[in-house]
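> The structure under discussion is supplied below as structure tokens; questions concerning it will follow.
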């Protein structure tokens, strides 16, 4: 280990790379970079910005749910000015604006924030380092992938400002609603949404091809498949999911685009009538077709959101318990089974469509099957904690919190996977609570853990622990205060799509107990609390770049995997000399060893 | 450190990087076209009876030009043969031979696209006309000696045309799918060599008039979407192959092995594009 | 899978396509008795046989190229 630390001071990519005779200029270094680390950072910063933006959309929506019809403080005036009075009359959120914020919150969080952060940022930065590769297999494709992602983001953001506003048919964009939502404008928010999605899909396609090729071809000498860190396995399976599940959505997107722009009827049935009368289309299409193609992507997408998070958590847990992961092989096979099963569960989102009980039974069965490998992974991670001398640093706290939070999210998913209970819970706040438990205190916590964990490798400085702990405990408490009451609301019958939180629905005494509307207020307060506790993170993130405690070694966490055996930060080409791997990924506390960790690259 | 295995294969996988990459890309392409084929199946099995008038199952048959489609299939199959020959010529170190085979391949690609454009244009000037008495006919019509494209009933009315002289199709035998006999009178017309009936239709009697464009029927929607997407792939492949034939030949002098690899990767993509057509042709033209 | 292997797959699928076209033509001939359908059916069978022969020649000529 000590042998590599002496290379720390190697200047950027000059000493050992013939290709770079000159110091790259600003554009070459920061915008048109082909270095996987810079691309990872680009992905990281953009996706964190999108995460923040998506959060703001949600805050505005939460205000409307808690105080329907009251002007939104501060933001309301801005919305009225920028988006027009028909969107935010007097600073009050109108139904159309609520709908488009809802659709865009989902889209931005899934496609522009979490996946790019988990796959684009961490995957790009860490994977080549962990397999001992000098870069990704196709560096220029990697750059193109980021640029397409960025362009897709710009299109999505731009759609807020066109006449009619952004897409407002939910992130699922079900037809015929999506096609008919804006009958006035031909180039409407939905059209831009589809164009944006095609760009994002192309971006992730290039990324997926690159990741898989890199992992298959560029593993260091001695790094056999069963010596790969679990993080790499998770990225590998994720890349396959993206590679094979996204194209059907691209096809569906192109068909919906044709429905919107060319007037085709791929998803529009015969005899479609709206409040404007008979819709002037040929008809003969199938609304179910959209749902099948959409969920064929969107269910595997759930695993795209969660698998990299599991990868991050595994790395951090192994490192901070100072012992090997329990059941490494079962983890690997579990993640592979998830990858396979993820493709045959999609229609459990469609029990309400009346597609038939036989089909529903099939998908119910596969859905129950896929929970088995998920439970294997979670159990293995829990058992890994047993008997370890745990270091409770900030990354570890977030990783530990991931386990029960993801557990709640996963277990509450079972009633949704079963046909009989789902018919009742479908489209209620219960669904919102379930998948937010998986993604928000689940995946996002894991990603926070990853940020704290790899920050020293990227910047050479450690993030402040005190701020980190404040951030963690505040987030943990408020996340739960936000999402657990939603289970109650959902079980009591509150629909997820009502822009006044259900006030009009409950006022005439129909349906359930209006008492659950009071929870809307407390949830909104908790959301503001959560926002407050993100401030220490934002401050810490920027402040530590120049003021954090400097690391004294290339391996501050005393970890075993290869990324810690590079200089800090790694130069162009990553490794000072070709890395060779001699052992498995998590050889911590090997009896008889000199130290409590034996790095993969250490001979003997 | 340079990126390894860009040219030579890695010993345990036996592959160089680009070959892994292109196969992964092709896998995703299979999913893309697979989704369209699934969409085709779903649209077709849910098509309502009587929706397209002159056939039994609501799905139009025989509206596409089968001889031209068959010819285009032959063009693509030959281009796949020559692309392999071009690659082989490089392995034999015979660059002029490579160039000749590649020229033929690119010419085939452009020929295919040219024929496809002609087919598209023919469709855009082919109309389905529904009259107020509930009858539906298909055919072409001329206005001032030209076949107009993309007209609607509104266009006809806006030109103050009162009567349309329509070459009404006598349905060809492919309009009746396998397992269905051609009706006697149509059979007789074919035997006499008649394929069209000249008919004058009063514009005031027309209920709707639509060209064979995507919005007219889901069959055209899926036909145009799939063939257009396939056409884009042909165009993309042709551009890449033309690049290696005309512009990117420097690499052959500098690193012949890498150049040969690139031709192989280009050839793999080209084969895939042709393979898609081999499935597309019977599905949209014949069945 | 090298271009050689893919070409073999491609030729195989092309042969199948020719047989499908032949079956389709013979089906039409059975329904309507049109002479042209019979002719096209026979031409398709000949094309299938031709492609098979080409495939054999190809295999012999490309003996030294790897399948991987």
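Derivation of every value follows stated rules applied to the coordinates shown; laboratory data play no part. Everything numeric here is computed off the predicted structure, so don't read it as measured data. No Cβ is skipped: glycine too gets one built from the backbone with ideal geometry, and neighbour counts run over all protein chains shown.
> Any chance you could check the Cα centroid distance between chain C and the range A:18-67 for me, in angstrom?
With chain C and the range A:18-67 each reduced to a Cα centre, they are spaced 52 Å.
> Using R₀ = 60 Å, calculate the FRET efficiency as 1/(1 + (r/R₀)^6) where r is the Cβ-Cβ separation of residue A:382 and residue B:143; round to 0.05.
On the way: r = 77 Å, r/R0 = 1.28.
Once rounded, the FRET efficiency stands at 0.20.
> Using packing as a proxy for protection, rank A:369-380, A:402-413 so that the peptide with the highest average count of other Cβ atoms within 10 Å comes first.
Details: A:369-380: 18.2, A:402-413: 20.7.
Descending packing order for the listed peptides: A:402-413, A:369-380.
> Let me ask another. Obtain the radius of gyration and the Kirkwood radius of the range B:75-189 from its C-alpha atoms and give Rg over Rh.
Details: Rg = 23.0 Å, Rh = 18.6 Å.
Across the range B:75-189, the Cα-based Rg/Rh ratio is 1.24.
> In whole Å, how far is the Cα centre of the range A:539-589 from that of the range A:117-182?
Computed from Cα coordinates, the inter-centre distance equals 29 Å.
> Over the range A:60-120, what per residue volume does the convex hull of the Cα atoms give, in whole Å³? Walk me through the numbers before you get to the answer.
Numbers: hull volume 5.3 nm³, N = 61.
Measuring per residue, one finds 86 Å³ for the Cα hull of the range A:60-120.
> Now for a different question. For chain B, what is the largest minus smallest coordinate of the Cα atoms on each principal axis, given in angstrom and ordered from greatest to least?
77, 39, 39
> Here is a follow-up. Share of Cα-Cα pairs in the range B:127-211 beyond 23 Å, in percent?
29 percent
> Report, in degrees rounded to the nearest 10, the 0 to 90 angle that the Cα long axis of helix B:218-242 makes with the longest principal axis of chain B.
The helix B:218-242 is inclined about 30 degrees to chain B.
> Measuring from centroid to centroid over Cα atoms, what is the spacing of the range A:195-258 and the range B:94-131 in Å?
33 Å
> Helix A:230-261 versus the longest principal axis of chain A: what is the Cα-based angle in degrees, 0 to 90, to the nearest 10?
30 degrees
> Taking a label point 7 Å from the Cα of residue B:48 along the Cα→Cβ vector, which residues of the range A:237-275 have an amide N closer than 16 Å to it?
Under cut-off, by backbone N: A:265-274.
> Something else: Let's test the formula: R0 of 51 Å, r as the Cβ-Cβ distance of residue B:68 and residue B:12. What FRET efficiency results, to the nearest 0.05? Don't skip to the end; give the middle numbers.
Details: r = 48 Å, r/R0 = 0.95.
E between residue B:68 and residue B:12, to the nearest 0.05, is 0.60.
> Okay, helix-only estimate at 222 nm for chain A: each DSSP H run of n ≥ 4 adds -39500 (n - 2.57), divide by all residues, round to 500 deg cm²/dmol; what do you get? If you can, show how the numbers build up before the last one.
Details: 21 runs with 343 residues, N = 604.
Calculated mean residue ellipticity at 222 nm is -19000 deg cm²/dmol.
> Treat each spin label as a single point 7 Å out from the Cα along the C-beta direction, and report the residue A:161 to residue A:473 distance in nm.
Label at residue A:161, label at residue A:473, 4.3 nm between them.
> As a test of the formula, what do you get for chain B when each DSSP H run with n ≥ 4 contributes -39,500 (n - 2.57) and the sum is divided by the residue count, at 222 nm and rounded to the nearest 500 deg cm²/dmol?
Numbers: 8 runs with 155 residues, N = 287.
Result for chain B, helices only: -18500 deg cm²/dmol.
> What fraction, in whole percent, of alpha-carbon pairs in the range C:3-61 exceed 20 Å separation?
Details: 574 of 1711 pairs.
Summing the P(r) of the range C:3-61 above 20 Å gives 34 percent of all pairs.
> Please state the equivalent ellipsoid semi-axes for chain A: what are the square roots of 5 times the Cα gyration tensor eigenvalues, largest first, in whole Å?
On the way: eigenvalues 343, 134, 121 Å².
In descending order, the three semi-axes are 41, 26, 25 Å.
> Next question, about the same structure. Taking square-rooted eigenvalues a ≥ b ≥ c of the alpha carbon gyration tensor, is the range B:22-97 rounded, prolate or oblate, where a/c under 1.5 means rounded and, failing that, a/b exceeding b/c means prolate?
It is oblate, given that a/c is not under 1.5 and a/b is not larger than b/c.
> What average number of partner chain Cβ atoms lie no more than 10 Å from the Cβ of the residues making up B:12-25?
Values: counts 4, 4, 4, 6, 2, 9, 4, 6, 8, 11, 2, 5, 12, 7.
Mean partner shielding for this stretch: 6.
> Could you state the angle between the C-alpha long axis of helix B:66-91 and the longest principal axis of the C-alpha atoms of chain B, as a value from 0 to 90 degrees rounded to the nearest 10?
Relative to chain B, helix B:66-91 is tipped by roughly 0 degrees.
> Could you work out the relative contact order of the range B:127-211? I mean the mean sequence separation of Cα pairs under 8 Å and 6+ apart, divided by the number of residues, in percent. Kindly include the intermediate steps, with their values, before the conclusion.
Values: 117 pairs, mean separation 39.4, N = 85.
Answer for the range B:127-211 is 46 percent.
> Counting pairs of alpha carbon atoms under 8 Å apart in space and at least six apart in sequence, what relative contact order in percent does chain A give? Each step should come with its number before you reach the end.
Values: 1021 pairs, mean separation 101.5, N = 604.
Value for chain A: 17 percent.
> Oh, and also: Which part of the range B:165-187 falls in the paramagnetic zone of residue B:136, meaning amide N under 20 Å from the point 7 Å along Cα-to-beta-carbon?
Inside the label zone: B:166-178, B:180-183, B:186.
> Further, regarding this structure: Modelling each spin label as a point 7 Å along the Cα-to-Cβ direction, I'd like the residue A:481/residue A:187 distance in nm, to one decimal.
4.6 nm
> According to a simple spin-label model (label point 7 Å from Cα along Cα-to-Cβ), what is the distance in nm between residue B:192 and residue A:140?
6.5 nm
> If you count, for every residue in A:259-270, the Cβ atoms of partner chains within 10 Å of its Cβ, what is the mean? If you can, show how the numbers build up before the last one.
Numbers: counts 3, 0, 0, 6, 5, 11, 7, 8, 3, 1, 2, 5.
Whole-number average of other-chain Cβ neighbours for A:259-270 is 4.
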